Amino acid sequence: MAENENFENVNNKISFDEKAFLRKARFISILRITLISLGVAIGIFVLSFVIPEIMLQNQENRIDSIYPELIKFSEPNTFVLSGESYNVRLFGRQKKYYLLRLIGNKPYPAGALTVDFDVWGGEQIKGNQAFTLPEGEKEYLAPYAVPKLKFYHPAANYEKINIEFNILKNIPKDYYVEMALSFRKPLTLDEMKTIMPGDLKLMWGAVCVFSEKDYAKNSYLSERLVGNPYLDKTNGEKQLLKELEWLSNVPSHHAKNLKRTVSYLKENGIKYYGVVVVGNPDTLAKLSSNPMIRAAVLGIVTRPE
């Protein structure tokens, strides 16, 4: 009898509480589902926002490393200030750059460029559109109506070539004038310097990067500018080649063309078919009688500081 009572007591102590077990099992199951759902949500967030943002930032860093330098070599007498960036679509962003031209020691706004890119590395340049006034006589850059600097390769044929020396007589003698000059034949740097008056400042040289046959066949190639902004430096041409070669190794849509350009310059040397100069109108007017000058396009005109 005592044994039965002991067995019942033990049995009562280890009796199975089914409801408590089910509650605990249900809690564990809900907790597991919640944790899995939370993990999936975090994973989706990371995949949808964090990783694309990291990729976009990496692409922006790449864009920022190449375009200010690229513009310096492809836009005459122009340097760049980095502007704001902003997302324009899912996985896409735009980076803005402000263009400035240096006249004497004074910078002038010369438009803006926007580079549109995405996480995969695709990129496209927008902005810096040109328009003509009056009736197609002269080109200007939006939005500040800054005169566009244009060059004419000696091997190419054009319907019209601008020679704007006559405008200089209407400009006060103490003003600074920017002008793009084109030559009747390609010149070396030393040859170019010998025909320029000493008080003119050489700002940017338009470099021949195609053969004369290519320019003769396709005159638009003279608008695909590659220029030297280091004309006043002792080793400026070496610096030009060094930086172009560096740019050609940065992944971009321009890398292939840059490699071709560097290869051409190393094989054929550096010659110029035009130059941007800054000086007073009287000095520039003297070049109107120089037989080596084929064209002259007036740029920014400014009063002295």
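The values are calculated or read from the model by the stated rules, or taken from the named source; none is laboratory data. This is a predicted model, so every value here is computed, not measured. So basically every Cβ, Gly included, is an ideal-geometry build from the backbone, and we count neighbours across all protein chains shown. For the accessible areas, the whole protein counts, side chains as well, though only heavy atoms, and no ligand, DNA or RNA atoms are used. Shrake-Rupley method; radii C 1.70, N 1.55, O 1.52, S 1.80 Å.
Numbers below:
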quantity	calculated
In degrees, nearest ten, helix 18-45 long axis to first principal axis of the chain (Cα)	0 degrees
Expected 222 nm ellipticity per residue - DSSP helices of 4 or more, -39500 (n - 2.57), all of the chain, to 500	-11500 deg cm²/dmol
Over 24 Å (Cα to Cα) - which of Lys72/Lys201; Lys213/Lys242; Lys148/Lys238; Lys193/Lys256; Lys95/Lys138 fall in this group	Lys213/Lys242; Lys148/Lys238; Lys193/Lys256; Lys95/Lys138
Anchor Lys126: aspartates and glutamates whose Cα lies under 12 Å away (excluding residues fewer than 8 positions away in-chain)	Asp116
Relative contact order of the chain, defined on C-alpha pairs under 8 angstrom at six or more residues apart (%)	21 percent
Counting all C-alpha pairs of the chain, share separated by more than 23 Å (%)	66 percent
Segment Glu139-Ile161, extension gain: residue separation times 0.36 nm, minus the distance between their alpha carbons	6.7 nm
Most mobile listed residue (Arg23, Arg62, Arg89) in the chain, GNM with C-alpha springs under 10 Å	Arg23
Computed over the range 142-240: relative contact order in percent, which uses C-alpha pairs under 8 Å that are six or more apart	33 percent
Among Ser29, Ser85, Ser263, residue whose mean-square fluctuation peaks in a GNM of the chain (springs only between Cα atoms under 10 Å)	Ser29
Rounded percent of accessible protein surface that carbon and sulfur make up, the chain, 1.4 Å probe	56 percent
Centroid-to-centroid separation of the range 219-250 and the range 256-305 [C-alpha atoms, Å]	13 Å
Subset of Lys150/Lys217; Lys96/Lys173; Lys106/Lys286; Lys106/Lys266 violating a 30 Å alpha-carbon distance limit	Lys96/Lys173; Lys106/Lys266
Inter-site label distance for Val88 and Arg184 at 7 Å from Cα along Cβ, in nm	4.6 nm
Cα-based reach from Lys24 at 29 Å (exclusive), listing lysines while leaving out same-chain residues under 8 positions away	Lys13
Extension reserve of the Arg62-Asn170 stretch, reckoned as 0.36 nm per residue once the Cα distance is removed	34.3 nm
Residue with peak Gaussian network fluctuation, the chain [Cα springs, cutoff 10 Å], from Leu81, Leu35, Leu113	Leu35
